[in-house]
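The values are calculated or read from the model by the stated rules, or taken from the named source; none is laboratory data. As the structure is a computational prediction, the values presented were derived from the model and not from experiment. For neighbour counting, all protein chains shown are included, and Cβ atoms are generated from backbone atoms with ideal geometry for every residue, glycine included.
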Amino acid sequence: MKDTLRKTKKIMNQYEIKANKRFGQNFLVDDAILERIIESADITKKDLVIEIGPGLGNLTEYILDSAKYALLIEIDKKMIEILNNRFLQKNNYMLLNEDILKIDIDKYIFKLEEEKNIKFDNIKVVANLPYYITTPIIFKLLQDESRINEIVVMVQKEVADRMVALPKTKDYGILTLMVEYLSDAKICFTVPKESFIPSPNVTSAIIKLKKNKKYTIENEKVLFDLIHSSFAKRRKKMINSLQMSDFLEMDKNSLEKLFSSCNIDLNVRAEELNLSQYIKISNKIL
């Protein structure tokens with residue numbers, strides 16, 4: 001047993017630090033939960049694991065013990081010294097002091113492969129994400145980073161619920177559709193507030209996203225713009241929302257013809273359509 005709670009308190013005292021609210025820091029100290037995260041990610045000695053926001057390195061310790069190599073991306077400069085000191089005896093990681101939303105992860109993966117003369121075929125993200133920027137990070141990992149195969153991350157439970165929501169429910173929306181289009185998603189388990197110091201105000205959940213494009217689409221940008229524009233005025237009929245948006249220069253009559261050609265009710269609201277119906281409309285727009 002790694003006794004993560006004791007180690008965390010010792011590190012925080014040694015470096016005289018507190019969790020930084022600006023970076024959404026809550027330190028996970030529950031060893032049982034940390035072990036379950038590694039199990040859910042099915043990390044092996046063949047994997048390159050990318051960890052976003054390693055903080056004090058509690059999850060990192062488990063990752064470095066299980067993976068072939070790790071790419072650690074930490075925005076808080078105070079954590080860089082702590083991480084390097086904590087893992088002084090480890091030689092299977094690269095630590096970057098960077099903002100995850102501003103870097104090209106694929107570029108660093110290629111750099112690692114050149115330096116280590118290794119070809120990574122299985123690349124996973126395993127992380128406790130900063131809750132205040134969860135959605136932009138998820139979109140980036142799913143859309144922009146082509147070499148990542150799987151994402152296993154801790155998020156607010158309400159965000160995890162939105163990722164796997166069904167049509168005609170309050171949680172169903174843009175995030176649901178984007179995640180479904182780009183991956184297979186499932187909630188692995190929930191994490192209680194007591195597993196952290198300091199305790200957050202929300203319950204958390206571990207969600208696994210396996211990247212998988214299952215749909216045929218003429219133009220992804222058109223689909224994404226359609227989804228975003230449709231939910232811009234969620235309570236309105238979808239045709240009215242689209243008419244008010246800058247996405248389509250179509251009058252109401254033209255939109256009604258478009259929906260009729262797709263066999264879609266003219267009075268439908270955005271949350272009532274499934275992904276296949278959105279794809280059907282987007283393919284007709286071209």
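A few remarks follow.
- Looking across segment 8-37, the residues that are under 20 Å from the mean Cα position of the chain (by Cα) and touching a residue at least 60 places away in the same chain (Cβ under 8 Å) come down to PHE23, GLY24, GLN25, ASN26, PHE27, LEU28, ILE33, ARG36, ILE37.
- As a summary of the residue check, GLN243 satisfies the conditions (1) at pLDDT below 95; (2) out of contact with any Asp or Glu (no Cβ under 9 Å at 6 or more places or on another chain); (3) farther than 30 Å from LYS10 by Cβ except for the one numbered (2).
- Within segment 173-196, the set of residues being over 13 Å from the mean Cα position of the chain (by Cα), aliphatic (A, V, I, L, M) and surrounded by fewer than 21 Cβ atoms within 10 Å (Cβ to Cβ) comprises just one member, ILE174.
- Residue check, ASN267 of a type outside the set (D, E, K, R), exposed (fewer than 13 other Cβ atoms within 10 Å of the Cβ) and at positive phi: no
- Residue among SER230, SER204 that alone is surrounded by 13 or more Cβ atoms within 10 Å (Cβ to Cβ) and closer than 30 Å to ILE37 by Cβ: SER204
- Condition check for PHE224: under 21 Å from GLU180 (Cβ atoms) and touching a residue at least 40 places away in the same chain (Cβ under 8 Å): yes
- Among (1) in a strand (DSSP E or B); (2) outside the structural domain of THR44 (by TED's automatic domain parsing) - the single one ASP225 does not satisfy: (1)
- Consider segment 204-222 and keep the residues that are within 20 Å of the chain's Cα centre (by Cα) and of a type in the set (A, V, I, L, M, F, W, C). The one that is nearest to SER146 (Cα to Cα) is LEU209.
- Single residue of GLU194, GLU271, GLU218 found to be of a type in the set (D, E, K, R) and outside any helix (DSSP H, G or I): GLU218
- Taken together, the residues in segment 251-261 that are surrounded by 15 or more Cβ atoms within 10 Å (Cβ to Cβ) and either assigned to a loop (DSSP other than H, G, I, E, B) or touching a residue at least 24 places away in the same chain (Cβ under 8 Å) (or both) amount to 1.
- Hits in segment 12-38 (condition: touching a strand residue (DSSP E or B) at 6+ places or on another chain (Cβ under 9 Å) and in a helix (DSSP H, G or I)): MET12, ILE33, LEU34, ARG36, ILE37, ILE38
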